[in-house]
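The values are calculated or read from the model by the stated rules, or taken from the named source; none is laboratory data. All of these numbers come straight from a predicted model, not from anything done at the bench. Reconstructed Cβ throughout: ideal geometry from the backbone, glycine too, with neighbour counts over all protein chains shown. Heavy atoms of the whole protein, side chains included, go into the accessibility calculation; ligands, DNA and RNA do not. Shrake-Rupley method; radii C 1.70, N 1.55, O 1.52, S 1.80 Å.
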Amino acid sequence: DQNISQHITLQDVAAAAMLSPSYFSSSFKRYTGSSLIDYTNAKRVRLASKLLLNDRNASISEVAMRVGFNNMSNFNRTFRKYIGCTPSEHIANNTKPKKQDQ
């Protein structure tokens with residue numbers, strides 16, 4: 001979680017845990033219910049969702065890079081997979097317009 005925005009490979013994580021990649025992968029999936037890639041992508045998208053809604057000055061591409069995606073097409077596809085809409089739609093659906101004084 002602390003390195004979620006870094007390029008993380010199964011081999012790197014397995015080595016840090018002092019396990020073989022194969023054993024780590026099967027143990028991780030048994031424990032979490034998802035593969036390392038799915039787990040990492042879900043975490044990145046949740047973080048991106050929060051950043052998009054809370055940091056209005058950051059662009060979508062800036063947020064994508066900040067959470068560890070280096071390809072906008074991949075970010076948009078992955079975001080839609082986990083959130084159910086594009087980043088732009090997510091922002092539009094979750095921000096309320098300011099009430100104007102009447």
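Being closer than 27 Å to Thr86 by Cα and surrounded by 13 or more Cβ atoms within 10 Å (Cβ to Cβ) holds for only one residue in Gly33, Gly68, and it is Gly68.
Looking at the stretch 4-30, which of its residues are under 20 Å from Met65 (Cβ atoms) and open to solvent by less than 60 Å² (accessible area, probe 1.4 Å)? Once the filter is applied, which keeps residues that are under 20 Å from Met65 (Cβ atoms) and open to solvent by less than 60 Å² (accessible area, probe 1.4 Å), the stretch 4-30 yields Ile4, Ser5, Ile8, Thr9. Residues in the stretch 38-61 that are closer than 27 Å to Gln11 by Cβ and without any contact (Cβ under 8 Å) to a residue 24 or more places away in the chain: 2 in all. Take Asp1 and decide whether it is within 12 Å of the chain's Cα centre (by Cα) and open to solvent by 70 Å² or more (accessible area, probe 1.4 Å). Against the criterion (within 12 Å of the chain's Cα centre (by Cα) and open to solvent by 70 Å² or more (accessible area, probe 1.4 Å)), Asp1 qualifies.
Residues being among the basic types (Lys, Arg) and free of Cβ contacts under 8 Å to residues at least 40 places away in the same chain: count how many of those fall in the stretch 62-80. I'd like the intermediate steps shown before the answer.
From the stretch 62-80, those among the basic types (Lys, Arg) are 66, 77, 80; that's our starting set.
Next, from what is left, pick out any that are free of Cβ contacts under 8 Å to residues at least 40 places away in the same chain: 77, 80.
Residues meeting the conditions: 2.
Residues of the stretch 12-33 include none that is assigned to a loop (DSSP other than H, G, I, E, B) and within 16 Å of the chain's Cα centre (by Cα). Condition first: closer than 18 Å to Asp1 by Cα and small (Gly, Ala, Ser). Can you find one or more residues in the stretch 60-80 that meet it? Among the residues of the stretch 60-80, at least one is closer than 18 Å to Asp1 by Cα and small (Gly, Ala, Ser), which makes the answer yes.
Condition check: among the basic types (Lys, Arg), part of a helix (DSSP H, G or I) and open to solvent by 60 Å² or more (accessible area, probe 1.4 Å). Does Arg46 satisfy that?
On the way: among the basic types (Lys, Arg): yes; part of a helix (DSSP H, G or I): yes; open to solvent by 60 Å² or more (accessible area, probe 1.4 Å): yes.
Yes, satisfied.
Inside the stretch 74-91, can you point out the residues that are hydroxyl-bearing (Ser, Thr, Tyr) and over 28 Å from Ala14 (Cβ atoms)? Walk me through how you get there before you give the answer.
If we filter the stretch 74-91 for residues that are hydroxyl-bearing (Ser, Thr, Tyr), which is where we start, we get 78, 82, 86, 88.
Once the filter is applied, which keeps residues that are hydroxyl-bearing (Ser, Thr, Tyr) and over 28 Å from Ala14 (Cβ atoms), the stretch 74-91 yields Thr86, Ser88.
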